[in-house]
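Chemist: Take this structure first; my questions come after.
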Amino acid sequence: MLEYYEQLPSEEQERIQEVIGQLYRQTFLLERRYDKKAGRLVSNRDYYFCEKHMEFLTAYFAVAGVRLLQNTDLGSIYIQGAPTVGERLPKLATIYLLLLKLIYDEQMAAASSSVNIVTTFGELNGKVGEFRLSRNLNSLTEIRRALAILKKYQMIEPMDVLEELNEQTRIIIYPCINLVLMREDAKELLAAFGEAEGQIGTEEPDADGSESEE
C-alpha cells in the first residue's frame, strides 16, 4: 500500500491527502454537485479522483477500521464505521433531515428523471406544519445553522443565498440522503418528535406565564 502511494507524483499524493480529509469531514463525495456560478450541477473532480485510487484508499481506511464504499446509482462515495461518527445534529437539523427525506421520496415517486431533487424552504416549512412540529418557532439564525450543517454533510445544497432565506429559497436534496435514512425510519422518528411536541404543549405555565422547557 505504501509503495503505491510513494510511486505517485507529488501532486497526486497531495490530492489523496485532501480527499481523505474531505471524507473525514463530510462523510460523502458526490459525483455531481451544484455550482452556483454555473447555475447547474457539475461533475466533481474529487469523486473521480477518489474512484481512480479506490483500491488504495479502501485499504488505507481499512487500517483505521473504516469502510470506503461506492454507490454508483446514487453517485456517492462515502465512509462508514464507528471511527467516522461525527458531531451530534441539533434537533432542528435532525427534523429537517427527516422531512427532506420524505420530500425526496415523494418527488422520486412522481417519476422524477433525476436523482437530485429540488424543493423550496416553503415546502420544507409546510412539512414542519404537517407533522405538527412548529410549536416552538426557531430563529433565522438557528434555521440557517441547521441547513448549513446538512450542507456540510452533503445532504443538501441551497441554490440561493442562505442569508436571504425565504419561502422561495430553492434547495437541492442530494441522493446520498438515501444512504442515511429509510423512509419508514424517517416517518417513525417524525411521529416521535410530533408526540414530544404535543406533550410539551400540555405542560403548565411557569409563574411568569411562560411554559416550562423540556
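The values are calculated or read from the model by the stated rules, or taken from the named source; none is laboratory data. Predicted model, so just to flag it, every value in this text is computed and none were measured. Don't worry about glycine lacking a Cβ; one is built from the backbone with ideal geometry, like all the others, and counts go over all protein chains shown. The accessibility values were calculated without ligands, DNA or RNA, using every heavy atom of the protein model including side chains. Shrake-Rupley method; radii C 1.70, N 1.55, O 1.52, S 1.80 Å.
Chemist: Would you pick out the residues in region 136-182 that are assigned to a loop (DSSP other than H, G, I, E, B), of a type in the set (S, T, N, Q) and open to solvent by 30 Å² or more (accessible area, probe 1.4 Å)?
Modeler: Keep residues of region 136-182 that are assigned to a loop (DSSP other than H, G, I, E, B), which gives 136-139, 153-155, 159-161, 165-169, 174, 180-182.
Remaining after also requiring of a type in the set (S, T, N, Q): 136, 138-139, 154, 166, 168-169.
Asn136, Asn138, Ser139, Asn166, Gln168, listed by residue number.
Chemist: Show the residue pairs that are 6+ apart or on different chains and have beta-carbon atoms under 6 Å apart, the first residue being within region 180-198 and of a type in the set (Lys, Arg), the second being modelled with pLDDT of 65 or more.
Modeler: Pairs found: Arg183/Asp105.
Chemist: Sticking with this structure for a sec: Which of the residues that make up region 102-134 are among the aliphatic types (A, V, I, L, M), in contact (Cβ under 8 Å) with a residue 60 or more places away in the chain and open to solvent by 40 Å² or more (accessible area, probe 1.4 Å)? Give the derivation first.
Modeler: The first filter runs over region 102-134 and keeps only residues among the aliphatic types (A, V, I, L, M), leaving 102-103, 108-111, 115, 117-118, 124, 128, 133.
Still in the running and in contact (Cβ under 8 Å) with a residue 60 or more places away in the chain: 102-103, 115, 133.
Listed by number, the list holds a single entry, Val115.
Chemist: May I ask you to list the residues in region 43-86 that are closer than 30 Å to Arg144 by Cβ, open to solvent by 80 Å² or more (accessible area, probe 1.4 Å) and of a type outside the set (A, V, I, L, M)?
Modeler: Selection gives Arg45 alone.
Chemist: If Gln26 satisfies every condition in (1) open to solvent by less than 30 Å² (accessible area, probe 1.4 Å); (2) at pLDDT 95 or above but one, which is the exception?
Modeler: For Gln26, the exception is condition (2).
Chemist: Count, please, the residues in region 29-40 that happen to be among the hydrophobic types (A, V, I, L, M, F, W, C) and crowded, with 18+ Cβ neighbours inside 10 Å. Even if it seems obvious, please write down each step before you answer.
Modeler: Step one: of region 29-40, the residues among the hydrophobic types (A, V, I, L, M, F, W, C) are 29-30, 38.
After this cut, where a residue has to be crowded, with 18+ Cβ neighbours inside 10 Å as well, the list is 29-30.
Selection size over region 29-40: 2.
Chemist: Among the strands (runs of 3 or more DSSP E) confined wholly to region 1-45, which include 3 or more residues that are charged (D, E, K, R)?
Modeler: On the way: elements: 28-30, 32-35, 40-43.
The strands (runs of 3 or more DSSP E) meeting that bar are 32-35.
Yes or no, residue by residue, for (1) modelled with pLDDT under 70; (2) under 19 Å from the mean Cα position of the chain (by Cα):
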| site | (1), (2) |
| --- | --- |
| Asn136 | yes, no |
| Tyr153 | no, yes |
| Glu157 | no, yes |
| Leu165 | no, yes |
| Gln168 | no, no |
